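The values are calculated or read from the model by the stated rules, or taken from the named source; none is laboratory data. Bear in mind that the values here come from a model prediction, so they are computed numbers and not experimental data. Note: ideal-geometry Cβ built from the backbone for every residue, glycine included; neighbour counts use all protein chains shown.
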Amino acid sequence: MKKDIILCGVGGDGIVSVAKIISDAALKLGMNVKQSEIHGMSQRGGSVFSHLRISSEPIFSDVIPEGKADIILSSEPMEALRYLPFLSPEGWVITNSDPFINITNYPAMEQVNAELGKLKHCVSFNANEIAKQLHARGNMVLLGAAAPYLGIDFAELEEAICNIFGRKGQEVVDTNIAAIRAGRDAK
Amino acid sequence: MQKTLLLGDEAIAQAFIDAGGSAINSYPGTPSTQITEYVIKSKEAKAKNIVANWCSNEKTALEASLGVAYAGKRAMTCMKHVGLNVCGDPFMNAAIIGTKGVLIVVADDPSMFSSQDEQDSRYYGHWAMIPMLEPSNQQEAYDMVFFGYELSEKLGTPILMRIPTRLAHSRAGVERREALPQNPISYPNDPKSFVLLPVNAKRLYRELIDKQPLFTKSSEESGYNRYIAGADKKLGIITTGIAYNYLMENYPDGHCPYPVVKITQYPLPYSLLSKLYDECDSLLVLEDGQPFVEEHIKGFLGKGKPVHGRLDETIRRDGELNAEKVAKALGKPMESGAAVPAVVTNRPPALCAGCPHIDSYEAVIEVMKQYEHGRVFGDIGCYTLGFNMGAINTTVCMGASITMAKGAAEMGIFPSLAVIGDGTFGHSGMTGLLDCVNEKANVVVMILDNDITAMTGGQPSSANMKLFNICKGLGVDPDHIRTIVPLKKNHEEFKKILEEEIAYNGVSVIIPQRVCIVENKKRVSAK
């Protein structure tokens with residue numbers, strides 16, 4: 001089993017925490033994991049991305065070659081489009097449909113949605129809205145929506161959430177589990 | 001043993017704790033910051049009484065490590081590649097001394113994700129004539145810290161470990177080893193070894209030269225450099241560090257048809273490389289960085305068998321290496337995904353909403369509009385992003401704002417403003433300000449004080465809470481050291497202060513003080 005996942009969004013939106021959960025679950029299953037991220041200047045409100053590779057075989061490169069990603073998981077619709085060169089022809093795009101507009105020349109949403117509509121496999125929905133109702137973060141809802149394509153049992157992801165958020169208390173764990181369940185059931 | 005998911009940076013930090021490290025002294029810089037930060041936050045390190053400090057700059061940090069080594073303990077200093085320029089002096093001389101138990105970890109930034117150049121630290125290590133380690137993955141980075149200390153103590157030399165961004169900032173499972181105890185305190189056997197008077201230095205430099213064959217012998221025999229057989233001798237491939245991964249990414253079955261020499265330790269392993277040269281028709285050198293190995297192999301005249309790589313642009317000379325570039329160099333068919341749709345616009349990094357620098361720059365921009373020939377000399381930090389607002393004219397290196405403003409002012413550029421952050425001022429702004437005071441330069445120095453070193457994620461700033469007194473102590477007239485809170489409501493007052501200090505013929509310092517918005521959020525949520 002091998003999954004190459006691009007996680008993307010806007011600097012500061014915490015998309016990397018999603019990568020940590022998937023990585024933790026994969027590692028527990030005895031899989032190999034490589035997850036690269038960007039720090040420093042590039043993370044200040046700019047476009048950010050993380051390469052996450054999980055595989056039962058050894059993984060060489062820390063970054064996913066172009067055209068090889070199985071999934072693009074994006075917290076922002078235009079950012080999902082930015083990383084399309086990485087997507088394999090049969091790959092899935094799972095994206096938040098709620099735009100984050102911190103630039104003056106953000107394109108019209110109809111154009112962005114039209115591009116997303118051209119994709120062979122795309123799930124686009126407003127994760128922020130669902131998250132708001134649960135007092136959770138949109139990223140966790142997105143993770144739930146991506147779960148069926150990850151090749152990892154849902155229960156394993158829940159366990160990873162317990163591991164990672166356990167220190168912050170049961171309430172935080174419950175909120176995040178509720179968020180991924182809501183994401184899974186959203187479509 | 002259960003593997004722990006660690007960044008390359010964190011693997012090095014954990015190894016430092018496990019390998020009996022006693023003190024880590026560093027200056028933050030992307031992508032090296034997370035090494036020292038990990039040790040600072042580690043409960044294990046605390047329990048072991050490991051000293052973990054952020055220093056004023058890379059030079060003070062490395063010199064502290066030399067002191068640690070003088071006491072017979074294992075030391076580490078970490079920095080980004082350009083930080084090695086700042087500590088070039090102690091670095092070169094630590095090599096002459098033959099300092100034992102010092103690991104200098106330098107994180108290079110090919111493709112300049114968060115840097116002003118792509119300099120390759122291996123040139124420094126070669127210049128200093130010391131062994132270097134360039135791990136190819138996170139596990140190797142962990143293991144090589146243990147190996148590095150052994151080698152350093154056995155051969156009497158500091159060790160340079162070079163990692164690129166992709167290793168520093170990529171996580172993988174790492175298996176830990178049994179922890180070693182720290183060294184007991186001891187003093188150097190040779191009382192002259194740390195005294196670089198010419199009479200001693202001549203002897204010590206000769207000793208360093210005489211150690212070179214031992215360094216090479218270790219490179220050939222340690223097992224970290226490997227010759228990997230391949231049937232097709234038309235091409236021999238040399239990989240360094242993580243370049244090996246980009247090569248193997250092109251062979252999913254794990255078998256490269258060509259012979260490969262995988263290098264992770266320097267000096268270059270002569271016997272392995274000459275075997276490859278003799279056997280193969282041509283060579284391809286794969287490095288994530290500048291063509292360091294390629295230049296060595298090819299030589300100035302480039303005679304002999306063809307050697308391909310970045311020098312002949314078989315692989316583009318600038319930018320980080322990746323699997324696609326290697327595929328192209330190997331003549332393999334390229335797969336590519338869809339193009340980026342035309343509707344996608346750039347989203348460059350920008351100052352955060354509510355950032356105090358925005359208010360400071362708005363005042364600067366408005367006031368400077370009156371002076372067509374005035375210039376604003378910028379520096380390194382979040383506030384470098386002020387360039388996108390049209391607020392600053394230059395960014396060169398840490399501290400250069402103040403000194404460039406001085407040089408320009410003395411040539412008649414008026415007004416000549418310097419903009420520097422509190423962290424960068426503590427790093428290398430103070431000496432420049434002293435130059436301004438001594439020459440009575442007509443400059444306005446703005447020290448943007450946001451309470452922390454923000455760009456690298458909120459490390460303490462060495463001059464914190466001391467800025468006014470430092471400037472006063474350096475000789476700036478206290479009447480011309482002005483402070484202001486950069487907020488919208490103070491905009492007019494800010495402009496007035498700027499105008500008054502521009503009108504003053506001499507050294508002025510303006511300190512806009514408001515805590516970084518990201519840091520402030522962290523502090524609020526921590527309460």
note = When every residue in the range A:99-111 that is in contact with a Ser or Thr (Cβ under 9 Å, 6 or more places away or on another chain) and more than 17 Å from residue B:353 (Cβ to Cβ) is compared, the one farthest from the other protein chains (Cβ to nearest Cβ) is A:109
note = Condition set under 22 Å from residue B:162 (Cβ atoms) and in contact with an Asp or Glu (Cβ under 7 Å, 6 or more places away or on another chain), scope the range B:223-244, selection farthest from the other protein chains (Cβ to nearest Cβ): answer is B:240
inquiry  = Please go through (1) away from chain A (no Cβ under 14 Å); (2) surrounded by fewer than 20 Cβ atoms within 10 Å (Cβ to Cβ); (3) out of contact with any Ser or Thr (no Cβ under 6 Å at 6 or more places or on another chain) for residue B:294 and return the number of the only condition it doesn't satisfy.
reply    = (2)
inquiry  = I'm checking my understanding of the structure. Among residues of the range A:74-92 that are under 22 Å from residue A:21 (Cβ atoms), hydrophobic (A, V, I, L, M, F, W, C) and touching a Phe, Trp or Tyr at 6+ places or on another chain (Cβ under 9 Å), which one is nearest to the other protein chains (Cβ to nearest Cβ)?
reply    = A:86
message = Please go through the range A:91-104 and give me each residue that is modelled with pLDDT of 95 or more, of a type outside the set (Gly, Ala, Ser) and more than 17 Å from residue A:131 (Cβ to Cβ), ordered by number.
response = A:92, A:93
Residue match in the range A:23-30 (condition: of a type in the set (A, V, I, L, M, F, W, C), surrounded by 23 or more Cβ atoms within 10 Å (Cβ to Cβ) and within 8 Å of chain B (Cβ to nearest Cβ)) = no
inquiry  = Out of the residues in the range B:179-217 meeting the condition of being touching a helix residue (DSSP H, G or I) at 6+ places or on another chain (Cβ under 8 Å), touching a residue at least 24 places away in the same chain (Cβ under 8 Å) and in a loop (DSSP other than H, G, I, E, B), tell me which one is farthest from residue B:89 (Cα to Cα).
reply    = B:179
query = Are any residues in the range B:306-354 under 30 Å from residue B:520 (Cα atoms) and either without any contact (Cβ under 8 Å) to a residue 60 or more places away in the chain or more than 31 Å from the chain's Cα centre (by Cα) (or both), and if so, which ones?
reply = B:346, B:347, B:348, B:349, B:350, B:351
key: Condition met for residue B:403 (closer than 30 Å to residue A:83 by Cα and assigned to a helix (DSSP H, G or I))   = no
message = What's the number of the only condition in (1) over 24 Å from residue A:80 (Cβ atoms); (2) free of Cβ contacts under 8 Å to residues at least 24 places away in the same chain that residue A:156 fails to meet?
response = (2)
Positions within the range B:150-171 being within 14 Å of chain A (Cβ to nearest Cβ), of a type in the set (A, V, I, L, M, F, W, C) and either in a helix (DSSP H, G or I) or under 21 Å from residue B:220 (Cβ atoms) (or both), in sequence order = B:167, B:168
